[in-house]
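Please read the structure below before turning to the comments.
The values are calculated or read from the model by the stated rules, or taken from the named source; none is laboratory data. All values derive from a computational prediction rather than experimental measurement. Please note: Cβ atoms are built from the backbone with ideal geometry, for glycine as well, and neighbour counts cover all protein chains shown. Quick note on the areas: whole protein, heavy atoms, side chains included, nothing else; ligands and nucleic acids left out. Shrake-Rupley method; radii C 1.70, N 1.55, O 1.52, S 1.80 Å.
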Amino acid sequence: MSVTNLAPDIAARLQRNEDGLVPAIVQQHDTGEVLMLAWMDDEALHRTLTTGTATYWSRSRGEYWVKGATSGNTQRVVSVSLDCDGDTVLIRVDQTGVACHTGERTCFDAGRLM
């Protein structure tokens, strides 16, 4: 993870885990459908806010990734909100194509547990 350009007032509100990350819940802006959960550090959030394209921190690859950069399944950011505790980000997007790496529309298509 790199040095960040995130605005200090936003950075001060974030409650990060021990790895410096916050979970980002990604939701389709017009239907409310929950698409996926990803992770962000300060720089990923900065890039998302300034470019309007969803950028996350890949824990498995140890690098930033712009959703859809290789697959074409992009996320145009409509809004970004921080929860009351500052420990979760809600990103409302306009999803093009599927959101899940398995090829499903949403990562939450594995079946209901209850």
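The residues of the chain present an accessible area of 58 Å² per residue when probed at 1.4 Å with all protein chains retained.
The tail of the calculated P(r) for the range 51-114 beyond 16 Å holds 57 percent of all Cα-Cα pairs. Within the chain, DSSP assigns beta bridges of which about 80% are antiparallel (rounded to the nearest 5).
Order these peptides, 84-96, 42-54, 13-25, by their mean beta-carbon neighbour count within 10 angstrom, highest first.
Details: 84-96: 16.2, 42-54: 19.0, 13-25: 14.6.
Answer by packing, highest mean first, reads 42-54, 84-96, 13-25.
Its DSSP H runs of at least 4 residues, each contributing -39,500 (n - 2.57), put the calculated 222 nm mean residue ellipticity of the chain at -4000 deg cm²/dmol, to the nearest 500.
Where in the range 22-70 are there chymotrypsin sites (Phe, Trp or Tyr not before Pro) that are in a DSSP coil and have at most 12 other Cβ atoms within 10 angstrom of their Cβ? Provide the component values of the computation, followed by the final result.
Numbers: sites: W39, Y56, W57, Y64, W65; in loops: none.
Nothing satisfies the criteria.
A simple spin-label model places the labels of W65 and N17 1.6 nm from each other, with each point 7 Å out along Cα-to-Cβ.
How large, in percent, is the carbon and sulfur part of the accessible surface of the range 10-114 at a probe radius of 1.4 Å? Heavy-atom surface of the range 10-114 belonging to carbon and sulfur, 1.4 Å probe: 50 percent. Its alpha carbons considered, the chain gives a radius of gyration followed by a Dmax of 13.7, 43 Å.
On a C-alpha basis, how far is the centre of the range 16-44 from the centre of the range 45-114 in Å? Whole number, if you could? Spelled out, the Cα-based centre of one part sits 6 Å from the other.
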